[in-house]
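Engineer: Structure provided below as structure tokens; questions to follow.
Please treat every number below as a calculation from the coordinates, not as lab data. As the structure is a prediction and not an experimental result, all values here were calculated from the model. Please note: Cβ atoms are built from the backbone with ideal geometry, for glycine as well, and neighbour counts cover all protein chains shown.
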Amino acid sequence: MKQCTKCLGIFQESDFYRDNSKKDRLNRECKTCSNKRTSDWNNRNRERKRSLVKKSYAKHREDHLRYKKEYYKLHKDDYYKEWREKTINNPEFVDVPQEWYFKAIKNGAKKRNLPFRLDFKTFQQSYGDGTCALSGRKLKLTKTGQQATGNQTASLDRIDSSMGYELGNIQWVDVKINCSKSASTQEDFIQMCKEVASHN
Ligand SMILES: [Zn+2]
């Protein structure tokens, strides 16, 4: 019989692991205590390892972002020139919405999990003569320009923003109107515009 130095229990010799460095060639702790020590060590190490991996990832991510930023700073003029040529200096106005815009809306709908039940032809036809459905403003479309350049003012709106893109729930409006309408219902938005107009 032998006493465990950890739990102080008295056990048979077979309840201790062998340790040839000890006088009695047995571990000082019983098998239960010894197993627990090993598993505790593993758990602690696993956490340490995980946090090291996380830390290293965060560090490299920062380096990567810093590199990207510096690269952008160096090539800023090139980027800007390319952007101008694509947009402001080359608006290329068109009469019907182009495929890039259709694809952009379709992708956006997919990302936001919104139903999208329009084909390209229906999408193009829905543009009509390009008048804003809410303000009557004449809309502008460009071949490649994004709305951010201010050249393209046409924007596709979902009348009821709780529903997806489908015939009956879409209308073409000025991008500024689309932004201010946001998630409001059509009635609320029109009411708000009336209040703004009558107050001024
Ligand atoms: Zn023990």
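Engineer: Using a Cα-Cα cut-off of under 18 Å, which aspartates and glutamates could be cross-linked to LYS54, ignoring same-chain neighbours fewer than 8 residues away?
Structural biologist: Here the aspartates and glutamates satisfying the reach criterion relative to LYS54 are GLU62, ASP63.
Engineer: Under 5 Å between amide hydrogens, which residues at least 5 positions from TYR17 or on another chain qualify, with H placed 1.01 Å from N in the peptide plane?
Structural biologist: Amide H to amide H, under 5 Å and 5 or more residues apart or across chains, TYR17 pairs with ASN27, LYS31.
Engineer: Continuing with this model, one more query. LYS36: which aspartates and glutamates have alpha carbons under 18 Å from its alpha carbon, excluding same-chain residues fewer than 8 sequence positions away?
Structural biologist: Reachable aspartates and glutamates: ASP15, ASP19, GLU47.
Engineer: Could I ask something else about it? What ³J(HN,Hα) values, in whole Hz, does the Karplus curve 6.51 cos²θ - 1.76 cosθ + 1.60 give for the stretch 111-128 when θ = phi - 60°, with x put for Gly and Pro?
Structural biologist: Per-residue couplings from phi come out as 5, 8, 6, 9, x, 10, 10, 10, 9, 4, 5, 4, 4, 5, 5, 5, 5, x Hz.
Engineer: Next question. Rounded to the nearest 500 deg cm²/dmol, what is the calculated helix-only ellipticity per residue at 222 nm for the chain, with -39500 (n - 2.57) per DSSP H run of length n ≥ 4?
Structural biologist: About -15500 deg cm²/dmol.
Engineer: While we're on this one: Helix 76-86 versus the longest principal axis of the chain: what angle, 0 to 90°, nearest 10, using Cα atoms?
Structural biologist: 40 degrees
Engineer: Give me the aspartates and glutamates in straight-line cross-link reach of LYS23: C-alpha distance below 15 Å, same-chain residues under 8 apart excluded.
Structural biologist: GLU13
Engineer: Could you give the distance between the Cα centres of the stretch 1-76 and the stretch 117-188, to the whole Å?
Structural biologist: Cα centroid to Cα centroid, the span is 59 Å.
Engineer: To make sure I understand, if each residue's beta carbon is the centre and we count other beta carbons within 10 Å, what order do TRP172, TRP41 fall in, fewest to most?
Structural biologist: TRP41, TRP172
Engineer: Work from the charge dipole of the chain (Cβ charges, +1 for Lys and Arg, -1 for Asp and Glu, about the Cα centre) and give the residue of GLY136, LEU118, TRP172 farthest towards its positive end.
Structural biologist: LEU118
Engineer: To continue, here is another question. Would you please classify the overall shape of the chain from the alpha carbon gyration tensor, given that a ≥ b ≥ c denote the square roots of the eigenvalues, rounded means a/c under 1.5, and beyond that prolate means a/b larger than b/c while oblate covers the rest?
Structural biologist: It is prolate, given that a/c is not under 1.5 and a/b is the larger ratio.
Engineer: What is the dipole size for the chain, taken about its Cα centre, with +1 at each Lys and Arg Cβ and -1 at each Asp and Glu Cβ, in debye to the nearest 20?
Structural biologist: 1840 debye
Engineer: Considering amide H positions built from the backbone, and no H for Pro or chain starts, which residues 5 or more places from SER184, or on another chain, come under 5 Å of its amide H?
Structural biologist: The answer is none.
Engineer: Pairs LYS68/LYS111; LYS69/LYS138; LYS103/LYS138; LYS81/LYS121; LYS143/LYS176; LYS103/LYS181: which exceed 29 Å Cα-Cα?
Structural biologist: LYS69/LYS138; LYS81/LYS121
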